[in-house]
1. When only C-alpha pairs under 8 Å and at least 6 residues apart count, what is the relative contact order of region B:5-506, in percent?
2. For region B:33-182, calculate the relative contact order in percent as a whole number, restricting contacts to Cα pairs under 8 Å that are 6 or more residues apart.
3. Taking Rh as the Kirkwood radius computed over C-alpha pairs, what is the Stokes-Einstein D of region A:293-501 at 25 °C in a medium of viscosity 0.890 mPa s, expressed in µm² per second?
4. What is the distance, in nm, between label points placed 7 Å from the Cα along the Cα-to-Cβ direction at A:ILE279 and at B:ASP496?
5. With r defined as the distance between the Cβ atoms of A:GLU142 and A:VAL29 and R0 fixed at 30 Å, what FRET efficiency is calculated, to the nearest 0.05?
6. If each residue of separation counts as 0.36 nm, what is the full-extension length gain between A:ILE169 and A:PHE480 once their alpha-carbon separation is subtracted?
7. Apply the a/c threshold of 1.5 to the C-alpha gyration tensor of region B:333-400 and tell me whether it is rounded, prolate or oblate.
8. With the Cα gyration tensor of region A:387-469 in hand, convert its eigenvalues to equivalent ellipsoid semi-axes via √(5λ) and list them largest first in whole Å.
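Nothing in this text is a laboratory measurement; each read-out follows from the coordinates by a stated rule. Since the model is a prediction, treat every value here as computed from it, not as a measurement. Here Cβ is always computed from backbone atoms with ideal geometry, including for glycine, and neighbour counts include all displayed protein chains.
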Amino acid sequence: MTTHDIYLLSPEISMAGLAILLILVDLVVSRKSILTIVAVLGLAVPLALSIVLWFDLTDQAATQMKADFGTEIVTFVVDKFSLFFKFLLVGATALVILASSEYVSKFKNFHGEFFALILFATSGMMLLASTVELITIYVSLELTALPIAALAAFMRDSRSSEAGLKFLILSAISSAVLLYGMVIIYGFTGTTVLADIATQLGGLLDGESAFGGNALLFGVILVIAGFGFKISSVPFQMWAPDVYEGSPTPVTAFLSVASKAAGFAVILRVFYIAFSAEILSVDWSAVFAVLAAVSMTFGNLVAIRQNNIKRMLGYSTIAHAGYLMVGLAAVASRTPDADAIIGPSGVLFYLSGYAITNLAAFSAVIAISNRINSDLIDSFAGMARRAPFLAGVLGFSMISLIGVPPTVGFMSKIYIFGAAVDTNLEWLAVTGMVNSVISAYYYLRVVKVMYLREPIDDAPVGSALPMKLAVMVTMAGTAFFGIYPTPLINLARSAVDVLVS
Amino acid sequence: MFSGWLTTIVFLPLAGAIIIALFVRGDKNVRWFAGIISLAELVLSIAVFAQYDLGAGADQFQLVDKIEDWIPVESFKVQYFLAIDGLSAPMVLLTGILGMVSVFASWSVKERLPEYFMWLLILQSAVMGVFTSMDFFLFFIFWELELIPMFFLISIWGSKPNREYSAMKFLIFTFLGSAFMLVGILVLFFSFDTFDMTLLPDAISRGGILLPASLVFTMIFIAFAVKLPIWPLHSWLPDAHTDAPTAASVMLAGVLLKMGAYGMLRISATMFPEVMAGIAWLLASVGVINILYGAAIVLRQTDLKRLIAFSSISHMGFVVLGLSAVVGVNGQVSTVGITGAALQMFTHGTITGLLFLLAGFIYERTHTRHIPHLGGLATRMPMLTGALVLAGLASLGLPSTSGFVSEIHVFLGVFPVWSWLTAVGAFGVVLTAGYILWMIQRAMFGPENQHLNNVSDATVMEMVPVAVMVAAIMVVGIYPAIIADVFTTGIQPIVDSLQIAVTASLQ
């Protein structure tokens, strides 16, 4: 392991270091609000290091910097794709920490550990965005999943414990499925490095192979199933609503945004690098197209009946996983003259738009439900009068989640459905748009309750400064990228170049 | 190219709404601020209309505001492109008039006033944007932007108990229609690599579209059909109208429905002339169904606003019937029928807008919309009665009012093409005369109702919007060329491309 390797790993290392630092600081300080400040300021380090890496890449005009760790195979790379996700993950984590500053006062102790676990999970996700080898992917996934299971159970009441246990067990099962899929693929190709799998597959699909390639496809489907759990796509979604409802709300926000982003990062990497063979990519594109349609329809239909806002957002995240998978299904090799990177760049753009919007929604929900001690949608009645600013932000983010202008949700939705149309999946775009209409019904219900119902209680609902900051940043982002998305789209497009070149 | 006129006219109300949200305090200040914005908007729209150059050799698209690199990403080339042509110039004027009218019609709103005027102004921005956008994506943004203000206007300030249901119904219907339109727009974009509405007609006529043109046409047409609304997609309209507050009804009937008709002309007929000519028989049939179905339902309405709402369905049928002239007769397409359809958009906007305005005023005074509970109001409110009679006569198409001008154009243009259907449709005029006169008689004349003894006539403030609308109706009725000539310059290019399509299909 050379210094260059450490340099390449520095964002992840500093992230884990910050986590340990927080545990130590927790031991010595008595005012717990200092922890929030340390965590948010500390996040500037991994962010700054990622920016340095980005400019280093640009200076070298290189697409990738590879770490070798003294072994023969490349397991870890730094490229614009992974850095895009590192920016996204660090930003989302900072916002989650800001939004949880008030929430953690509910816990009697372990404040430092709460933040530390979030940061550990984030470092796992950052690794996940950079890995190019199956075993490393598996290890990073576990590094992500274990802290989240602990976080989900952090409240230590029955619901939260249930959430933690459920996440742990189902996550273990999905990991097993994923491993089984990886084993099959290893058995056929004799390698775990994604790029080598691609070269081996080229030969396999042309010539004779055991079970005529069907066994290979079975392996691919098992991998999809394993990842499907991480991104909470139907039919691997059953954990999401319970875990979302039971977990502490900031953890729910973290799960719905960061965890999902990391899941899509690794899916894109695996499917575009390892399984990019033309025949195979049309096959998995079809699988993703069907999963996308089913996910969004199921998520939206079930969300209509929810009364708990966290559970509602849990089902809505299943639906959004469906919209995101439209970008996975939009593989350019389906049509001759399609834009080669429109699908993956659509996923990245949608993920960042969804992250901003959903964090705005969750920040507002955390701020409000923390003060009124209820997660029921009906208890948000008259919030427009009790907390005009928070209600406005929550309403605006609901509109963005539906996909109505002028919001980033609108822009990203159209971009990703554009990808579907460009790759001859018009039916999927139609399904997606009809689903947006269904979703309008339950998202607007929240708006209706806040603006149309009489308040249960006249006491104004305030919020602390870090909370206001989180809400304002996400709200501004939702509006800004809804009017001028160009920089974000360009960033996403430059990030995915490495996948198709 | 950036003349700035249209950008100002589109974003002035939006800016006003933001200023109200942030700075203006006190109901009285909010009211006057919104009033001033809407007056400025009216002046601007008159100025824009007056600047439109009718002369031969003038550019088809004028007052262009264009920023080409708004979102210059490959696969997403969206421009900021506003312009007017003969088709949109009168619509801008109409929106300016009705925007001002709806603000002044809201003078007596008391509940949550700043929010109310905010939504009303945002709505006006969105509609202005629809009529001036020449980039398909921008058009769609404005098209969607109008949903949320209208949803709030109906669900917060509408009449109980059904306002939330009606607002949601309106939103779901419209949103569902536009969902299909979006996919159509995307198919066009990925076929021709542009969202530019001035370039798309040519590109489409050269062929190379990814899906069958008729399928893309259908996807886009559904959105307009819901908005117009064409039978059987109309069921949101009576509910929305009945429960909407007065100003929202005025905007809904006056301009929002016209967005559907405008879209059919600007997009369906211009971009897909072959398909449009191919379904002309269908347009004629549903147009006649709209006219007769709407009128027949009106006859048994006892709710004043619901009555006007169904009469809107009937009158919008004339627009569809006028459009069915696209196929021409003996291979010759004339501008008359289509101009009639366009004129009907404008005249129905002013006439029905005025009817809803007066219905709102009457409701505020009597607290009932149930016609049998009214009666004998003429002596107590002579000015309102006079205005209602005039609006009613215009609505049934009395010569020298604008309603006559548009309907006669439609009949003259369509009769040579679909003689029998037109003859049947003309029966709608008889029904209209019946229900309008009957409504006026029952509501305003007849024996006086004792419990309505202390109702008063309109205030001066309320007569301002009434006077503006009456003026619009009479001016167009007496001198139709002021609007018709402008429309004709916008419709001529559409007819030219239709002519090519029809000629080609005959060979």
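1. 16
2. On the way: 168 pairs, mean separation 31.4, N = 150.
That works out to 21 percent.
3. 140
4. Between A:ILE279 and B:ASP496, the label points sit 5.4 nm apart.
5. 0.45
6. Stretched out fully, the A:ILE169 to A:PHE480 stretch lengthens by 107.9 nm.
7. Prolate, since a/c reaches 1.5 and a/b exceeds b/c.
8. For region A:387-469, the semi-axes come out at 33, 15, 7 Å.
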